[in-house]
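In what follows, a single structure is set out as structure tokens and then discussed.
Every read-out reported here was derived from the displayed coordinates using simple, explicitly stated rules and does not represent laboratory data. Source: prediction; values computed, not measured. Virtual Cβ from ideal backbone geometry, glycine too; neighbours counted across all protein chains shown.
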Amino acid sequence: MAAVANIPLTDRCKVARPRWTHETRRPRNYLLEDEVDAMIKAARRYRHGARDGAMVLLGYRHGLRVSELVALQWAHVDWKASRLHVRRRKGSSDSVHPLQERELRILGALQRLAKTAFIFESERGGPMAKRNAQHTIEKAGRDAKLSFPVCAHMLRHGRGYQLANEGRTTRDIQDYLGHRNLNNVERYTKLAADRFKDF
């Protein structure tokens, strides 16, 4: 750190940040469950830890795009039935997903702090901006000490690959993630490791 401190401010970013080449930037475009857990732990240490940890968890569990994540409202949560109404964007199909006990517990803690209709609030009292959500998720990847840079969409892909490895059908994965085109689901099933377990 002392060596960095002696470098002019205009040149520090060249030293402090790793340089990612095309080959090393993304060894894969999805996250594994233990990596997501590490990101949740990292995010919970932030100033708005309850919100940021829940954002990483729900983004992964429900395969949400960032635009879908920041648009979530408390009206979409059915507490009695433990369900989440997922409203998709980009022409995708809406669906209703079950909520696990862990999600309900985190959402319950977050709701006690809520001041608006949106689950993920900004400090100004509205929905969190898409770019701020992306930045928070990317930062959680860095703070979780993952060996590659993370982007928010990797949470959605990670859920797709997890479902494929669990042996879910392409049709079920399509409906869960809201894809209109079945061809978009093939990326997950083609890389499912369990396809080859009896080889």
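Lys pairs in the stretch 28-192, Cα-Cα under 20 Å, at least 8 apart or on separate chains: how many? Kindly include the intermediate steps, with their values, before the conclusion.
Working: Lys41/Lys139; Lys41/Lys145; Lys90/Lys130; Lys115/Lys130; Lys130/Lys139.
Lysine pairs satisfying the spacing and distance rule in the stretch 28-192 number 5.
Would you mind ranking Leu64, Leu110 by Cβ crowding within 10 Å, fewest neighbours first? Before the final figure, lay out each step's value.
Values: Leu64 28, Leu110 19.
With the fewest neighbours first, Leu64, Leu110 line up as Leu110, Leu64.
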